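Notes follow once the structure below has been shown.
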Amino acid sequence: MSPPSLLAHLDASKDSTALSLAYASIGDEGCNAIARYMRENVILKTIDLRGNSIRADGLVVLAHALRSGSSVTSMCLKWNHVGSHERGVQALCDVLRTNQSMVHLDVRNNKIGPECGRLLGEMLRENSTLTHLDLSWNDLGPEGGKALLTGIQANHSLIDCQLSGNRISEDTLHAIAFVLRRNRQNAPLSAGVMKEATQTPGSPGSPCSPVSPGQTARSRDIDFNATGPTTAGATGATNMGGTGNSTNFRPQPVGQDDGLAMKLLQREQNYTNAEDARFFGEVAEYIDLLQLDAARNKKYRMDAEERERVVTKGFMEREMRYAQELRELENLLAKAKAEKDEIMHDTQYLQNEIERVREEKAKTVADRMKLEEIARATAERIRCDIRDGLAVKADLETQIYKVKRRQQEQEEENARLRTYLSKCKDDLDRALR
């Protein structure tokens, strides 16, 4: 899941009591956003982060978020890699030592090694609220199992601890199962958060029903008022498997009887031989399973009622939110319609202005064309007048030239006559003398 998608999902779940991000591929990078969400959501109860490739650094961040006053009661971290380094499990154990809300923790298949068994044991020695712990399919080994047993022996709240696939020795598993039965006898039926699916009794590595190899089929009849067990009656068949033991013990259903369970626990502690101890252990385990079934059914009913209440509240909140959003959308629609009407009015006004401008333009063009026609006619008339004036000028110049020519000839004639008169006068004067 990309960071924007993760933030959007967390924002949409800000008022939820459960956060589910199974197989979202958030990695260590997304743990910072989840830690911030855990600090801000004070009503968060359940977190499911299975299959997200979370390593030790991411677990450190989540552990610090749990330390900050978180009210988380159930956390599922299975199918991650929180055991890649010891510091992740150490940070989680340091927080759970004093945590007062966590009752269910699932860290199965997380590559948790033997070095973490000591950390888990020290955490269980001081923790007083955790009731269900799933460590299946890790790698605690014999040494890690012994360190875990040391812590469980000092714990009085843990009633279910799944250890399948950890290579823990059978003696250690039997001791852990004995302590868990002791805690179940002293714990209220409603204590803790029940698991979604309880592991089948007698499955390989399960501490709820350790069975020693070599046990053979037998039948017994128990007199709980006697000082020792006698054989005959109820049936308890045990079959050996390839990798573990499978117990099919089916006595008649029994009710919740604390006195009977205490007697069985006392008989198991004061057994006379190993076969009696195993048989009493099977009977006590079956009674424990019935009690756990009753508690689980009660818890399922309470969870169903809580889910129904949460879902109903969520439906009402969503309905109110949708109604508010619908009103807002209606207001936005009315506003959009008003804006549309205003825009249409402005558009009509602009269209009218455009038509008026077009008409004015057409009139102006017509006037200009008329003026151009008048100008062309005037220019043509002026050109004609100029041609006529030039013709008249040419005629006048011709006439002036002719007048000047005649005047010149007249002057020449006058000069000849004066000369002639002068000669005549001279001749006359000579004649008179």
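In table form, for the structure just shown:
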item: Area accessible to solvent at LEU6, 1.4 Å probe radius, in Å²; result: 10 Å²
item: Three-way shape call for the stretch 8-71 based on the alpha-carbon gyration tensor, with the a/c threshold at 1.5; result: oblate
item: MET316/GLU360 FRET efficiency (R0 60 Å; Cβ-Cβ; nearest 0.05); result: 0.35
item: Under 5 Å, built H, 5+ apart or other chain: amide partners of GLY165; result: TRP137
item: Full-extension gain in nm, ARG167 to ALA394, via 0.36 nm per residue minus C-alpha separation; result: 67.9 nm
item: Normalised per residue, the volume of the convex hull around the Cα set of the stretch 303-420 (Å³); result: 172 Å³
item: Segment ASN297-GLU413, extension gain: residue separation times 0.36 nm, minus the distance between their alpha carbons; result: 25.5 nm
item: Accessible surface of the stretch 118-160 [probe 1.4 Å, protein heavy atoms]: carbon and sulfur percent; result: 53 percent
item: Cα gyration tensor category, rounded, prolate or oblate, for the stretch 45-98 with a/c compared to 1.5; result: oblate
item: Accessible surface, per residue, of the stretch 1-155 when the full set of protein chains is kept, probe 1.4 Å, Å²; result: 41 Å²
item: Under Karplus coefficients 6.51, -1.76 and 1.60, residue-wise ³J(HN,Hα) of the stretch 165-173 in Hz, glycine/proline x; result: x, 10, 6, 7, 5, 5, 4, 5, 4
item: Lys/Arg +1, Asp/Glu -1 at C-beta; the stretch 338-424 dipole; positive extreme among GLN407, ALA394, ALA362; result: GLN407
item: FRET efficiency, 1/(1 + (r/R0)^6) with R0 60 Å, evaluated for LYS335 and ALA304 via beta carbons; result: 0.85
item: LYS313 accessible area, assembled protein chains, probe 1.4 Å, Å²; result: 110 Å²
item: Taking the C-alpha atoms of the stretch 1-123, convex hull volume expressed per residue in Å³; result: 81 Å³
item: Heavy-atom accessible area ranking, 1.4 Å probe, most first, across THR129, THR150, THR17; result: THR150, THR17, THR129
item: Separation of alpha-carbon centers, the stretch 4-72 and the stretch 383-433, rounded to whole Å; result: 133 Å
item: Highest average packing first - 70-76, 98-104, Cβ atoms within 10 Å; result: 70-76, 98-104
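The values are calculated or read from the model by the stated rules, or taken from the named source; none is laboratory data. Just so we're clear, the structure is a prediction, and the values are computed from it rather than from any experiment. Methodologically, a virtual Cβ is constructed for each residue, glycine included, from the backbone with ideal geometry; neighbour enumeration extends over all protein chains shown. The accessibility values were calculated without ligands, DNA or RNA, using every heavy atom of the protein model including side chains. Shrake-Rupley method; radii C 1.70, N 1.55, O 1.52, S 1.80 Å.
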